[in-house]
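Here the structure is laid out as structure tokens; the discussion comes afterwards.
The values are calculated or read from the model by the stated rules, or taken from the named source; none is laboratory data. None of the values given here were measured: they were computed from a predicted structure. Here Cβ is always computed from backbone atoms with ideal geometry, including for glycine, and neighbour counts include all displayed protein chains.
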Amino acid sequence: MFIVKYIKEVFSGLKSLAIGLRLTLYYFTHHKEIITQQYPDNRETLNLPERFKGEVVMLHDENNEHACTGCTACELACPNGTIKIITKFDIATDGKKKKALDKFVYHLELCTMCNLCIVACPTDAIKMAQTFEHSVYDRSELTKILNKPGSEIREGVE
Amino acid sequence: MIEEIGRTTEGDVMINVGPQHPATHGVLHLVITINGETIKKVEPHLGFIHRSIEKMCESLSYRQFIYVTSRMDYLSSHINNHACALCVEKGLQVEIPSRAQVIRVLMDELTRIASHELWWGAMAMDLGAFTPFFHAFRERESINDIMEETCGARLTMNYMVPGGVMQDIHPNFQRRVKDFIRLYKSKVNEYDELVTGNIIFQNRMKGVGYLSPEDAISYGCTGPPARGSGVSCDIRKLYPYEIYDQLEFDEILETGGDSFARYMVRVREMNQSIRIIEQLIDNIPEGDFQAKTKAVLKLPKGEFYQRVETARGEFGVYIVSEGGTTPYRIKFRSPGFSNLSALDHMVRGSKLGDLVAMMGTLDLVIPDIDR
Ligand code: SF4
Ligand code: SF4
């Protein structure tokens, strides 16, 4: 009796294995249904959604102007101390001193892509970029100055 | 033999599993006492991924601390964020727009499916089947794509903020979720074919790792491990938050108490999540996605507690506020920690080969246990 039960079990086990393998074979012969992406070969065609949080960048227009007033709202919003705003005093045309952005220091290695700085910015001067290949040979390369050299604040942004 | 279980005698061997072991789902260290092939005792050693999150939160503001909780149970990051947001809202006494509520519930349920999906693949892999893992990841990938489009991240979302959600849903969101439901329904039979109906799989799951309802309660188990033993503990039903009381869904209960019952609870829960999503996806109300809140949040003096149902069980956030901008103390009640504590009881007296399978049915996420 035991033998019969044992053999039965073996066969039912084999049968359910075959059912599973049938599915595997199906995908083996139907390449169209495979959705694996061939990264990095598909780098050119890779499209990341526009909201993807890869890295904080500052927006510059064609005149090399940005919208950052140096208000440090993003620095305060950041949980990790990723952003350091260094300000300077510009002498405006009417001779008054005006606070302006000198350097927007961004430590990519500390950033957790939480988006809080972007939400906090009152002038939408910064946004998230869709880059994700951040590996470098030395960690000092991860500290970035986001405002481009020689850039100035756009007219009319307060 | 039985009275020896739990005691070390001559001939016992102590072996280490982990902290880095392919079967332990992260850095969990188990010290196992075995006699022959029979397990007498399992001692989990924690702390390999302890990041002191609770202490960290004490120096972060009420907007900032939420992102850290994505890094605890990274497979339920939306739901963790949700709990924190709800707890802060409780203190602030703000009304959340109904659009935000619906989006939050939709995201929660998508997360639940994604998490169970990953668990299903990993579970089969624990038993030595590699193919299901890829099948599970195919469906999970389409959820991740939906998340990526709306929240901008695949795992650590930080999408729920006090007052609502951070951004409005992407215009494609509804269409893609419907596509996903269609895909899921066409593929769900494959799961049964590949794993659930397999006799070898069933023999390794049925009658193994029995946890009685009494033990489930006294070990503080929640989520699928407790519901697999027939203990009703779904927070969405018992203490409804958000709009769960207006939705139609069943709390899944199995009475087996063994590994297979816990397995079935999760598989059936995915269908319930699909049911919830189907009810909501066409009925997202118009309006704001975020309530107006102050730039700097201050909670009144007092204590606030909020619990939610994550994919792994009950997750609780306890905030003690002194009236300032940062919490005085934050405590997280993570489901994985209590579920893990039942492991020793569950495996005593069973064979070494079943240990990994039983751990698999607990669906442990180690960063959630260690915090
Ligand atoms: S994304 Fe978050 S961590 Fe990164 S700089 Fe902005 S606020 Fe800081
Ligand atoms: S980026 Fe925005 S928030 Fe940050 S300093 Fe400039 S203007 Fe202020």
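Structure values in brief
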item: Every pair of residues 6+ apart whose Cβ atoms lie under 9 Å, when the first sits in segment A:109-131 and is more than 8 Å from chain B (Cβ to nearest Cβ) and within 16 Å of B:M157 (Cβ to Cβ) while the second is away from ligand 2 (no atom under 14 Å from the Cβ) and β-branched (V, I, T); result: none
item: B:M56 being modelled with pLDDT under 85 and either over 20 Å from the mean Cα position of the chain (by Cα) or surrounded by fewer than 18 Cβ atoms within 10 Å (Cβ to Cβ) (or both); result: no
item: Residue within segment B:260-280 that is surrounded by 14 or more Cβ atoms within 10 Å (Cβ to Cβ) and in a loop (DSSP other than H, G, I, E, B) present; result: no
item: All positions within segment B:113-160 that are under 17 Å from the mean Cα position of the chain (by Cα), β-branched (V, I, T) and farther than 20 Å from A:I35 by Cα; result: B:T156
item: The one condition in (1) modelled with pLDDT of 85 or more; (2) among the acidic types (D, E); (3) assigned to a loop (DSSP other than H, G, I, E, B) that A:E75 fails to fulfil; result: (3)
item: Residue list for segment B:276-327, filter: more than 16 Å from B:C87 (Cβ to Cβ), of a type in the set (A, V, I, L, M) and touching a Gly at 6+ places or on another chain (Cβ under 6 Å); result: none
item: Hits in segment A:115-144 - residues which are touching a Lys or Arg at 6+ places or on another chain (Cβ under 8 Å) and of a type in the set (A, V, I, L, M, F, W, C); result: A:L116, A:I118, A:M128
item: Of the criteria (1) touching a strand residue (DSSP E or B) at 6+ places or on another chain (Cβ under 6 Å); (2) within 15 Å of ligand 1 (Cβ to nearest atom), which one A:N80 fails; result: (1)
item: Residues satisfying the stated conditions in segment A:78-102, i.e. of a type outside the set (D, E), modelled with pLDDT under 85 and more than 10 Å from ligand 2 (Cβ to nearest atom); result: A:K88, A:F89, A:I91, A:A92, A:T93, A:G95, A:K96, A:K97, A:K98, A:K99, A:A100
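Yes or no, residue by residue, for (1) within 12 Å of another protein chain (Cβ to nearest Cβ); (2) in contact (Cβ under 8 Å) with a residue 12 or more places away in the chain:
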{"residue": "B:H82", "(1), (2)": "no, yes"}
{"residue": "B:V88", "(1), (2)": "no, yes"}
{"residue": "B:G121", "(1), (2)": "no, yes"}
{"residue": "B:F133", "(1), (2)": "no, yes"}
{"residue": "B:F137", "(1), (2)": "yes, yes"}
{"residue": "B:E148", "(1), (2)": "yes, no"}
{"residue": "B:C151", "(1), (2)": "yes, yes"}
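Residue-by-condition table, conditions (1) out of contact with any strand residue (DSSP E or B) (no Cβ under 6 Å at 6 or more places or on another chain); (2) part of a loop (DSSP other than H, G, I, E, B); (3) more than 14 Å from chain B (Cβ to nearest Cβ):
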| position | (1), (2), (3) |
| --- | --- |
| A:L17 | yes, no, no |
| A:P40 | yes, yes, yes |
| A:P49 | yes, yes, no |
| A:K103 | no, no, yes |
